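Visitor: There's a structure below that I have some questions on.
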Amino acid sequence: FMIVQKINEVSIKNYNTAKMMSILNLDNDSLMNIFEYLSIYDLLEVEKVCELFKSTCEGVYASKKFHKVRIELRSLRTECFKDILKRIGNSLKKFEFSGGYIMDQAIKDVMIDGVTKLCPKLKHLSINYVTFTIESFHRLQDCFINLSCLDLSRCSLCESSLGNLELNGETLKSIKVLKLAGNTSMKGSLFKNMKHVEVLDVSYCYELSFFYFKDFLKNCIHLIELDVSASCQVIPEDEVFLEVLLQNQPKIEKLLMNNTGVSKNEEILSKFKHLKEASFEGRRFGT
């Protein structure tokens with residue numbers, strides 16, 4: 001009975017102490033642990049409360065939680081976009097943005113200015129479903145030099161809209177992964193001089209030119225993975241394409257040619273000594 005009574009006394013004392021505590025009595029580590037559960041939009045509001053909260057929010061912004069961020073236009077609070085990039089840009093390493101073809105130009109400008117001026121450590125940039133003008137794409141190129149992965153899939157990139165702009169192989173030699181899938185009118189002059197790409201995705205690029213693509217294969221130093229699924233224009237004759245690929249990129253390890261109408265040629269494929277995966281499923285796209 002005495003032991004039970006003592007436990008009750010301690011419990012009541014702790015309960016009364018807890019009732020008098022304020023969140024302001026917590027140490028910085030405890031606040032950090034709480035604030036890490038908040039969304040970026042919540043943090044923008046919380047930092048306005050007091051200097052302590054602002055300081056703690058700054059610690060959260062710099063944490064690994066915001067080394068990578070994905071933003072979709074439908075969930076974006078556009079009035080906060082600039083503030084988000086100002087807060088987390090300095091620690092951001094991976095930025096993914098899924099926009100909409102009919103998005104406001106002002107939002108594009110905020111995004112472009114943000115990733116080029118506020119994200120010095122950015123290594124992975126993925127922007128999808130965004131249409132660029134020549135001027136906006138030229139501005140965006142300022143951040144390409146530090147990237148290891150660039151994904152501009154489904155951005156309506158084409159020669160007529162980008163003029164004579166090309167991705168320079170020497171200047172942008174840090175880019176190892178290049179994804180340009182779904183740019184249905186792109187012929188390929190944009191990336192023909194890229195030399196250091198190891199992974200290339202140009203699937204569903206219906207107008208991709210065999211002649212531009214052949215230049216890329218000749219320039220590229222060491223291609224490991226290639227996806228040309230449904231990009232039928234790049235393959236005038238399947239045997240010719242595979243032979244050109246073998247001649248220029250014999251060390252390729254993964255080859256995806258689905259929906260191109262190309263059948264699996266075991267004789268040629270056996271000559272790719274490093275090939276681990278190859279897929280030729282589906283009939284020629286559009287037929």
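The values are calculated or read from the model by the stated rules, or taken from the named source; none is laboratory data. In this text, all values refer to a predicted model and were calculated from it rather than measured experimentally. Cβ sites come from the backbone with ideal geometry, for glycine too, and all protein chains shown count toward neighbours. Remember, those area values only see protein heavy atoms, side chains included, never the ligands or the DNA or RNA. Shrake-Rupley method; radii C 1.70, N 1.55, O 1.52, S 1.80 Å.
Visitor: May I ask you to list the residues in the range 259-279 that are in contact with a strand residue (DSSP E or B) (Cβ under 9 Å, 6 or more places away or on another chain) and either among the β-branched types (Val, Ile, Thr) or under 24 Å from Asp215 (Cβ atoms) (or both)? Explain how you work it out, then say what you get.
Guide: Quick first cut of the range 259-279, residues in contact with a strand residue (DSSP E or B) (Cβ under 9 Å, 6 or more places away or on another chain) only: 264, 269, 272, 275-279.
Matches in the range 259-279: Leu269, Phe272, Leu275, Ala278.
Visitor: Right, here's the next one. Of these, Lys65, Lys54, Lys48, Lys6, which one is modelled with pLDDT of 85 or more, in a helix (DSSP H, G or I) and not aromatic (Phe, Trp, Tyr)?
Guide: On the way: Lys65 fails: modelled with pLDDT of 85 or more; Lys48 fails: in a helix (DSSP H, G or I); Lys6 fails: modelled with pLDDT of 85 or more.
One residue alone meets the criteria, Lys54.
Visitor: Now for a separate question. For the range 117-138, name all the residues that are in a helix (DSSP H, G or I) and surrounded by 17 or more Cβ atoms within 10 Å (Cβ to Cβ). Before you say what the answer is, go through the steps one by one.
Guide: The first filter runs over the range 117-138 and keeps only residues in a helix (DSSP H, G or I), leaving 117, 134-138.
Hit for the range 117-138 is Phe137, nothing else.
Visitor: Can Lys176 be described as basic (Lys, Arg) and surrounded by fewer than 18 Cβ atoms within 10 Å (Cβ to Cβ)? Step through it out loud before you land on a result.
Guide: Numbers: basic (Lys, Arg): yes; surrounded by fewer than 18 Cβ atoms within 10 Å (Cβ to Cβ): yes.
Judged against the criteria, Lys176 is a match.
Visitor: Kindly establish whether Phe191 is open to solvent by less than 20 Å² (accessible area, probe 1.4 Å), assigned to a loop (DSSP other than H, G, I, E, B) and more than 20 Å from Ile252 (Cα to Cα). So that I can check it myself, show each step before the final result.
Guide: Working: open to solvent by less than 20 Å² (accessible area, probe 1.4 Å): yes; assigned to a loop (DSSP other than H, G, I, E, B): yes; more than 20 Å from Ile252 (Cα to Cα): no.
Against the criterion (open to solvent by less than 20 Å² (accessible area, probe 1.4 Å), assigned to a loop (DSSP other than H, G, I, E, B) and more than 20 Å from Ile252 (Cα to Cα)), Phe191 does not qualify.
Visitor: Hey, another quick one. Six or more apart or on different chains, Cβ atoms under 7 Å: show the pairs whose first residue is in the range 232-259 and of a type in the set (Lys, Arg) and whose second is open to solvent by 60 Å² or more (accessible area, probe 1.4 Å).
Guide: What qualifies is Lys251/His222; Lys251/His274; Lys254/Glu225; Lys254/Lys276; Lys254/Glu277.
Visitor: Quick one: in the range 144-173, which of the residues that are charged (D, E, K, R) and either touching a Gly at 6+ places or on another chain (Cβ under 7 Å) or at pLDDT 95 or above (or both) is most open to solvent (accessible area, probe 1.4 Å)? Break it down stepwise before answering.
Guide: Applying the first criterion (charged (D, E, K, R)) to the range 144-173 yields 151, 154, 159, 166, 170, 173.
Checking which are either touching a Gly at 6+ places or on another chain (Cβ under 7 Å) or at pLDDT 95 or above (or both) leaves us with 151, 154.
Details: Asp151: 22, Arg154: 83 Å².
Only one residue tops the list, namely Arg154.
Visitor: (1) at pLDDT below 85; (2) exposed (fewer than 14 other Cβ atoms within 10 Å of the Cβ); (3) within 26 Å of Leu31 (Cβ to Cβ): which one isn't true of Ser75, the others all being true?
Guide: Answer for Ser75: the failing condition is (3).
Visitor: Restricting attention to the range 244-287, and to residues there that are of a type in the set (Val, Ile, Thr) and out of contact with any Cys (no Cβ under 6 Å at 6 or more places or on another chain), which single residue is most open to solvent (accessible area, probe 1.4 Å)?
Guide: Start the filter on the range 244-287 by keeping residues that are of a type in the set (Val, Ile, Thr), which leaves 244, 252, 260, 262, 268, 287.
Okay, now just the ones that are also out of contact with any Cys (no Cβ under 6 Å at 6 or more places or on another chain), so 244, 252, 262, 268, 287.
Values: Val244: 20, Ile252: 0, Val262: 7, Ile268: 11, Thr287: 97 Å².
Applying the filter and picking the extreme gives Thr287.
Visitor: In this structure, does Gly182 turn out to be open to solvent by 10 Å² or more (accessible area, probe 1.4 Å) and within 16 Å of the chain's Cα centre (by Cα)?
Guide: Numbers: open to solvent by 10 Å² or more (accessible area, probe 1.4 Å): yes; within 16 Å of the chain's Cα centre (by Cα): yes.
In short, yes.
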